[in-house]
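Take a look at the structure set out below.
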Amino acid sequence: MGIPIHIAGLNEFIQEIPNGNIVVVQGTIDPIKTIFIQTVAGLAVKHKKEVVYIASRAKEEVVAELSQYTDSTKCQIVEERSHRHWKDFIRRDAVLIIDSFSYLVLDKTLSEVRTIVEELDSLCKQHNTILLLSLEYGMLDEKVQITIGHLADGIIHFLSKETTKGIARYIRISKWMNRDSFNDNIYYTFDGKKISIDLRARVT
């Protein structure tokens, strides 16, 4: 069993993240993508999955954030900048999170990033592991970003747009398992901790 997405409104589009898949979560430096990933980590713990969280920031900072969504002691949080050791954290039926993946591969070439993701993808499929990668727009070369998206099984974009009423925030799911994609903009608000989907909202 994968991770059921018990986020009201979003689960009308995606019911779960299936095992053995890579999901890319893209956004700006806005913290919303990390909030989403940590929410998913909490759902994984709730469903008895082992969670390993590779952080590009201080472990203590991530522990404090993650504790808002789950018992952080049930997650293994590590500061491991060397991609050579990431495969050591891929475990049977577990969840591996790399946040921020784009920051941790910032000095890598296109060829190196492709090899890293291909190796992780192969191991995740062998071990039935879910891999979540967070990416910041504009941090990596466009070809690198597109290559990561090509190799991923799912891509979730966190976007925003200026409107006459201020900033409208919305999610786009441009790629999902079994070649699915969704044309809908999924509007949401967040209060710094919780994502609230608003299916009635529209960008004007």
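May I have the convex hull volume per residue, in Å³, for the Cα set of the range 105-204? Write down the numbers at each step before the final one.
Numbers: hull volume 14.2 nm³, N = 100.
Each residue corresponds to 142 Å³ of Cα convex hull volume.
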Legend entry - Residues of type aspartates and glutamates that residue 161 reaches as a straight line, Cα spacing below 14 Å, ignoring anything fewer than 8 places off in the same chain: 30
Legend entry - Local net charge near residue 125, Cβ-Cβ under 14 Å (Lys/Arg +1, Asp/Glu -1): -2
Inset, instruction - Would you mind classifying the range 54-167 by shape? Square roots of the alpha carbon gyration tensor eigenvalues, ordered a ≥ b ≥ c; an a/c under 1.5 is rounded, otherwise it is prolate if a/b is larger than b/c and oblate if not. - result: oblate
Legend entry - Probe 1.4 Å - accessible area at residue 56, Å² to nearest ten: 20
Legend entry - With all protein chains modelled, accessible area of residue 60 [1.4 Å, Å²]: 130
Inset, instruction - Using +1 at the Cβ of each Lys and Arg and -1 at the Cβ of each Asp and Glu in the chain, identify which of 188, 25, 58 lies farthest towards the dipole's positive end. - result: 188
Inset, instruction - With a Förster radius of 22 Å, plug the Cβ-Cβ distance of residue 184 and residue 16 into 1/(1 + (r/R0)^6) and report the FRET value to the nearest 0.05. - result: 0.75
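Ranked from the most accessible area to the least, with a 1.4 Å probe and all protein chains present, what is the order of 59, 165, 74? Don't skip to the answer; put the middle values down first.
On the way: 59 85, 165 190, 74 125 Å².
Order by accessible area, largest first: 165, 74, 59.
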Inset, instruction - Over the alpha-carbon set of the chain, work out the extent along each principal axis and list the three values in angstrom, largest first. - result: 48, 37, 34
Inset, instruction - Rounded to the nearest 10 degrees, what's the angle between the helix 32-46 long axis and the longest principal axis of the chain, both from Cα atoms, 0 to 90? - result: 60
Legend entry - Accessible-area value, residue 71, 1.4 Å probe, nucleic acids and ligands omitted, Å²: 70
Inset, instruction - Enter the Cα centre distance for the pair the range 175-199 and the range 97-150, rounded to the nearest angstrom. - result: 22
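If you take the beta carbon distance between residue 118 and residue 200 as r and set R0 to 41 Å, what does 1/(1 + (r/R0)^6) give as a FRET efficiency, to the nearest 0.05?
0.50
Assuming 0.36 nm per residue, please report the length gained on full extension of the stretch residue 164 to residue 1 beyond their Cα-Cα distance. Mind showing how you got there, number by number?
Values: separation 163, 0.36 × 163 = 58.68 nm, distance 4.33 nm.
That pair, residue 164 and residue 1, stretches by 54.4 nm at full extension.
Restricting to Cα pairs below 8 Å that are 6+ residues apart, what does the relative contact order work out to for the chain? Please round to a whole percent.
Numbers: 384 pairs, mean separation 51.6, N = 204.
For the chain, the relative contact order is 25 percent.
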Legend entry - P(r) of the range 98-149 over all Cα-Cα pairs, binned every 5 Å from zero, in whole percent: 4, 21, 32, 25, 12, 5, 1
Legend entry - Mean residue ellipticity (222 nm) of the chain, computed from DSSP H runs ≥ 4 via -39,500 (n - 2.57), nearest 500: -8000 deg cm²/dmol
Inset, instruction - Just tell me which lysines come within less than 25 Å, Cα to Cα, of residue 49; anything on the same chain fewer than 8 places away is out. - result: 33, 59, 74, 87, 125, 175, 193, 194
Inset, instruction - Jot down the per residue volume, in cubic angstrom and as a whole number, of the convex hull over the alpha-carbon atoms of the range 1-85. - result: 118
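The values are calculated or read from the model by the stated rules, or taken from the named source; none is laboratory data. Not measured: the values here are computed from a predicted model. Don't worry about glycine lacking a Cβ; one is built from the backbone with ideal geometry, like all the others, and counts go over all protein chains shown. All accessible areas refer to the heavy atoms of the entire protein, side chains included, with ligands and DNA or RNA removed. Shrake-Rupley method; radii C 1.70, N 1.55, O 1.52, S 1.80 Å.
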